[in-house]
Structure formats: C-alpha cells, structure tokens
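Comments concern the structure below.
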Amino acid sequence: MSLHYLVTGGAGYIGSHTLIEMLQAGYTPVVLDNFSNSSSKVFDRLKTITGADIKVINGDIRDRKLLDSIFAEHAAQNTPIQGVIHFAALKAVGDSVNRPLDYYDNNVAGTITLLQAMLAANVKRIVFSSSATVYGEPEFLPYTESHRIAATNPYGWTKVQVEQILQDTCVAHKDFSAIALRYFNPIGAHESGLIGENPRDIPNNLFPFITQVAVGRLEKLNVFGNNYDTVDGTGVRDYLHVSDLALGHVKAVNYVNESAHSGFTAINLGTGTGTSVLQMVSAFERVNNIKVPYAIQARREGDIASAWANPELAASLLGWKTTRSIDDMCRDGWNWQSRNPEGY
C-alpha cells in the first residue's frame, strides 16, 4: 500500500512539481490548498502528465476543524496520513514588508495550527518548505547550514520562526521528525511545458520576469543594481531547476521514512554555483534565440550581492544532487511560458 502524505499548498509552483515526483516514487499525495496564489487548473495538467486523479481539498491550514477531519477520515479509511509536506505560505518578499501581519498569521500561526492537528492525530513527520532567506547577509560563501540565521524581511523571519517552532516541537516530542529544506532560487518548469510558475502580478523574481518580457507581457526587464562586487556588477544567486528541487522533497520523505529520523534537520537545496542576472539573461537569449531588453535600475532595499549554497549535506544525507543545467532551466521555463503566455 502506498504511503499517503498531506501536501499543503500543493497547487503552487513547487508543490505541483513535487506531486509529479511523489507519484513517480509511489506515494499518494492528498492536497490541501486555498488557491490564494494558485490555480485549480493545475490538476487537469497533472492528470495529463501522470495519469493520476489527485485528491484535492479546498481549504486553509488555519482551519483546525478541517485539518482534524482530513486526518480522521484517512485513519477511518485505513489510509492514514503518514506525514506532511508543508508548502502553504505567502511568499513575496516585498509584499511581506507591506503586509507583515498577514505573513505572520498565515505562515507562522497557520503552521502552529497544522502542527497541533498533526500531534492530535499522531502524525509526526513533516518536510517543511523553508528558504535561504533565513541566512540574510552572508558572513561567508557558500552558505552552509551552520551559517548565522539573520533574515532581512518579514517573509524570511516567518521561515526562521517556523524552523524554531519545529525544533521546539522535536524537543518536546522525541519521536517527531522535521526536515526544513532551505531552497535557493528555483526556476524553470516541468519538461512537458504543461505546468510552471504563474505569478499573479508583476513578478518579484528574476526568471518569470525574463519570460514575461520574452513573451511580450512586460516591456523590459528591470535589473536592480549593476555596481555590486560581482563578476559583472549584477546580483548573483544559486538557481536550481524546479524539477530537481521537487525531487529533493521526495528524497527527504524517503529519508524520514527509511532512516527512522527524529529531531530537526535543516538542509540546503541548491546547485552550489552562482549565476549573475546578466549571465542568466545571456543564457536565456542564447538557448531560446530571443532578445530580452533590460534597463538598469537602482538597487532594491534588502537585496544582497551574492548568495549560493553549499549543497554537501543534501548529497550525504539524502543522496540528492541537481542534474539540470542553467540551459535546461532556460529552455524548460521558456517552453512553459511560450505555450502558456497568460499562465493557466
């Protein structure tokens, strides 16, 4: 019998790609999503890719009664929920500065409600969607998991606080297992071109901004700062293919299930290589044979010059490494955007 996992925020960009990898690995995902920043159409696309009808519940992680009923119903059907992959969160850095209370309410209070429901149902495994934003200004590069935690915006602080809550829960419940996956910069799309990133308004992140300029939705790319101490003056980040990232979640679930892991472990997911904004633009233009006009703007508040991961812990603990290149990311991301110019 395949293991059932509750996937909160499973309709989102990373969640939807993870569902594919879960199904391929023999897990049965059960999705809970309030569709505040995602589309239910993704499930038709996922059925085309996987052939699977995924159980989807429209609801909110802050709804304790709903969570209790999901766990109880599965236990009664002898298909108990074995663990949770927790993606559900508000995730725009700039937006979090303007709406901090909404971010703390959804991301932190929502996770507390989820954990309370999990413990009541005796579900003690969680893989948490954290972020490299927990690190803040780099004291050294690449970032290792032992780097000082010092977020620079409310979104980052919600991830820090949830990680602390998970650590404290593991101390109080010795058999509780929590893995926090600290992602760097996921981009690209599933190779089918059927699912991909679908930001609601002007993208905050570089790659969907590039693809929306390329497809004609936006006039030009804004490059924030060209006077950083980097290879070409523009910001450097560790970009990884979303399908590689998705597989990292399945590897984390495998690890928890197979190793009798308990306690809290934070793990970086990245390639270990930095790519600048202009290097990314150049790669996108070369791979897809399309021009991306851009304009240099002032630096953005809170942006750092460079960030990339030391991914060695993911390799040693989870047996996970990225396999897809920047060229693959550029090709797959453009395949999705060009086939779906307006998103879903």
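Just so it is clear, none of the values below were taken in a lab; they were calculated from the coordinates. From a predicted model like this one, the values you see are computed outputs, not experimental measurements. Positions of Cβ are generated from backbone atoms using ideal geometry, with glycine treated the same way; all protein chains shown enter the neighbour counts.
Observations on the structure shown:
- Cα centroids of the stretch 189-240 and the stretch 310-324: 25 Å apart.
- For the stretch 116-233: rounded, prolate or oblate by the Cα gyration tensor [a/c cutoff 1.5]: oblate
- Spin-label model, residue 342/residue 58: points 7 Å from Cα along the beta carbon direction are separated by 2.0 nm.
- Length gained when the stretch residue 69-residue 47 is fully extended (0.36 nm per residue, less Cα-Cα span): 5.4 nm
- Put simply, when 202-210, 81-89 are sorted by average Cβ atoms within 10 angstrom per residue, most first, you get 81-89, 202-210.
- Peptides 184-193, 130-139 ranked from most to least packed by the mean count of surrounding Cβ atoms within 10 Å: 184-193, 130-139.
- 3J(HN,Hα) from dihedral phi, the stretch 59-64, Karplus parametrisation 6.51/-1.76/1.60, rounded to Hz, x for glycine, proline: x, 10, 5, 7, 8, 4
- With the simple spin-label model, which puts each label point 7 Å out from Cα in the Cβ direction, the residue 25 to residue 116 separation comes to 3.0 nm.
- Scalar couplings 3J(HN,Hα) for the stretch 111-117, obtained by applying the Karplus form with A = 6.51, B = -1.76, C = 1.60 to θ = phi - 60°, are 5, 4, 4, 4, 5, 4, 5 Hz; x denotes Gly and Pro.
- Potential lengthening between residue 78 and residue 300 on full extension [0.36 nm per residue; Cα-Cα distance subtracted]: 74.7 nm
- All-pairs Cα distance distribution in the stretch 273-342, expressed in whole percent, bin size 10 Å: 15, 35, 35, 14, 1
- Highest average packing first - 154-162, 100-108, 45-53, Cβ atoms within 10 Å: 154-162, 100-108, 45-53
- 26 Å Cα-Cα threshold exceeded, pairs from 55/251; 174/251; 91/251; 65/124; 91/291: 91/291
- The slack in the chain from residue 99 to residue 171, taken as 0.36 nm per residue of separation less the alpha-carbon distance, amounts to 22.8 nm.
- Kirkwood-based Rg to Rh ratio, the chain, C-alpha trace: 0.95
- Shape of the stretch 79-141, Cα gyration tensor, a/c cut at 1.5: oblate
- Overall form of the stretch 150-191 per C-alpha gyration tensor (a/c, 1.5; a/b vs b/c): oblate
- Amide H contacts under 5 Å for residue 28, placed H, 5+ residues apart: 3, 4, 5
- In the chain, Cα pairs under 8 Å separated by at least six residues give a relative contact order of 19 percent.
- Label-point separation, residue 137 to residue 327 (7 Å along Cα→Cβ), nm: 3.9
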